[in-house]
Amino acid sequence: MTLGPWPKRVLVTGGAGFIGSHLCERLLEAGSRVLVFDNLLTGRMENVAHLLGHPRFSFEHYDVTNYLFVSGELDAILHFASPASPADFERLPIQILKVGSLGTHKALGLAKAKRARLLIASTSECYGDPEVNPQPESYWGNVNPIGIRGVYDEAKRFAEAMTMAYHRHHGVDVRIVRIFNTFGPRMQLRDGRAIPNFFYQAIRGEPITVYGDGSQTRSFCYVDDLVDGILRLLRCGHVGPVNIGNPNEMSLLEMAKKIIEITGSRSEIVYRPLPPDDPKVRRPDITLARRVLDGWEPKVSVSAGLDRTRDYFVEALAREAKSSA
Ligand SMILES: NC(=O)c1ccc[n+]([C@@H]2O[C@H](COP(=O)([O-])OP(=O)(O)OC[C@H]3O[C@@H](n4cnc5c(N)ncnc54)[C@H](O)[C@@H]3O)[C@@H](O)[C@H]2O)c1
């Protein structure tokens, strides 16, 4: 599928977060004007500090569950606002449900008013604890709606349903990306997800926490490959959900050992009980992405991505230690 032009002016909700800030950078490089709405619930100004002086970039501290207004033309909206770490599922359950439902509703309303294309960040969590592996987009998932993870999984499933309803009922031009585990620089140091957790603990020489026996699998995608895929999806003609991730599946125990090795850490692994509804396997089927995203393919190996992420964590933790000394 050939790709359309880059958008002239884009709103990125959640643009001060991990993935959002990388998206903003890429869009600016491509010549777009970029507007960010972010309430800094889990994001940081530090992630976009280097963009603040850019003539085509602007930032507004704003909660997108409220009425959204943008003056002037807008041709695309990337709705990325939402806490995403399992640690936040217990800490911020209502905020997660609100931004997935009300926030998506407001973003759709703005897209309709501006005749803008809306791309929402959905997730592999839509598949829950999957009974098929790898997961194709046609799999409907195995989600516990009232479990601790349900606040995130169901918010995203609702967001997908609302997005498709606006498409069918109001003709809004929509795209849905189902993002699988992604890692890279600008993840929060105390994010709580496996890779940042392992780096944080390994570099500080603390015990590495593995949940269960660590045999549960994930497939980790480096952020540059994800962002490349998302921005291709924005410019392609495919409307339904598209998985983007790296099918390179590995166990969490393997990942913990790899991180101990590349940080030269002496940390030992400690095992903690598995949280409820934790998925046992997770691997994207990216056949559709390969077909519709004009030759997209994850290019960065997990090892190369981990090296870059290690450098970021080492530097960020050193900076933090210096500033608190
Ligand atoms: N990182 C992953 O592996 C992954 C996987 C699947 C889906 N996603 C999705 O991608 C998106 C970005 O995730 P991330 O990893 O960058 O997380 P993040 O926490 O780094 O970024 C989310 C951003 O949204 C902002 N935000 C939250 N609620 C808001 C609100 N009500 N109004 C305005 N801003 C708000 C936060 O302050 C933050 O800057 C999320 O929608 C997430 O569900 C991420």
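Nothing in this text is a laboratory measurement; each read-out follows from the coordinates by a stated rule. Predicted, not measured: the structure shown is a model, and the values here were computed from it. Don't worry about glycine lacking a Cβ; one is built from the backbone with ideal geometry, like all the others, and counts go over all protein chains shown.
If the chain linking H238 and D213 were pulled fully straight, counting 0.36 nm for each residue of separation and taking away their Cα-Cα distance, it would gain 5.0 nm.
Loop only by DSSP, 13 or fewer other Cβ within 10 Å of the Cβ. Give me the GluC sites (Glu not before Pro) in the range 126-161 that pass, ordered by residue number. Working shown, then result.
Working: sites: E131, E137, E154, E160; in loops: E131, E137.
Filter output for the range 126-161: E131.
Using alpha carbons only, how many angstrom separate the centre of the range 1-50 from the centre of the range 175-190? Result: 14 Å between the Cα centres.
Order of 224-230, 314-320 by packing, highest average Cβ count within 10 Å first? It would help to have the intermediate numbers written out before the result.
Numbers: 224-230: 22.0, 314-320: 13.0.
Top of the packing list down: 224-230, 314-320.
Annotation: amide H of I269 within the under-5 Å range of I208, sequence separation 5 or more or interchain, hydrogens built in the peptide plane.
Highest first, please rank the peptides 1-12, 242-253 by the mean number of other Cβ atoms sitting within 10 Å of their residues. Before the final figure, lay out each step's value.
Numbers: 1-12: 17.6, 242-253: 20.7.
Top of the packing list down: 242-253, 1-12.
A simple rule links phi to the HN-Hα coupling: the Karplus curve 6.51 cos²θ - 1.76 cosθ + 1.60 with θ = phi - 60°, which for the range 248-260 gives 6, 7, 8, 7, 5, 5, 4, 5, 4, 5, 4, 6, 4 Hz, with x for Gly and Pro. Between the range 241-296 and the range 56-85, how many Å separate their Cα centres? First find each Cα centre; the distance between them is then 29 Å. The largest-to-smallest principal axis extents of the Cα set in the chain are 55, 47, 39 Å. Which of the lysines could be linked to K299 by a straight reach, that is with a Cα gap under 29 Å, when you skip same-chain ones fewer than 8 residues away? Hits, sequence-local ones excluded: K8, K156, K257, K258, K280. Taking only the alpha carbons of the range 127-189, we obtain Rg and Dmax values of 14.2, 42 Å in that order. For the range 106-164, applying the loop criterion from DSSP together with a ceiling of 10 other beta carbons within 10 Å to the trypsin sites (Lys or Arg not before Pro) yields no site. Amide H contacts under 5 Å for Q135: R283, D285, restricted to partners 5 or more places along the chain or on a different chain, H placed in the peptide plane at 1.01 Å from N. Legend: ranking of residues S138, S58 from fewest to most surrounding C-beta atoms inside 10 Å; resulting order S138, S58. When each of the peptides 173-184, 281-292 is scored by how many other beta carbons lie within 10 Å of its residues on average, the order from highest to lowest is 173-184, 281-292.
Give the average over all directions of the projected area of the C-alpha convex hull of the range 31-169, one decimal, in nm².
On the way: hull surface 39.2 nm².
Spelled out: convex hull of the Cα atoms, projected over all directions, averaged, 9.8 nm².
Sequence-ordered 3J(HN,Hα) estimates for the range 48-63 from the Karplus curve with 6.51, -1.76 and 1.60 and θ = phi - 60° stand at 10, 4, 6, 9, 4, x, 6, x, 9, 10, 9, 10, 10, 6, 8, 8 Hz, glycine and proline given as x.
Using the alpha carbons of the range 188-325, what is the convex hull volume per residue in cubic angstrom, as a whole number?
Working: hull volume 17.4 nm³, N = 138.
Measuring per residue, one finds 126 Å³ for the Cα hull of the range 188-325.
Here's how it looks for Y211: its modeled amide H is under 5 Å from those of R272, which are all 5 or more places away or on a different chain.
With θ taken as phi - 60° and the Karplus curve 6.51 cos²θ - 1.76 cosθ + 1.60 applied, the whole-hertz 3J(HN,Hα) list for the range 107-121 is 5, 5, x, 5, 4, 5, 5, 8, 6, 9, 7, 10, 10, 9, 8 Hz, x standing for glycine and proline.
Go ahead and estimate [θ] at 222 nm for the chain from helices alone: -39,500 (n - 2.57) per DSSP H run with n ≥ 4, summed, over the residue count, rounded to 500.
On the way: 10 runs with 120 residues, N = 325.
Theoretical 222 nm ellipticity from helices: -11500 deg cm²/dmol.
Distance between the modelled labels on E261 and K8, one decimal in nanometres: 5.2 nm (7 Å Cα→Cβ projection).
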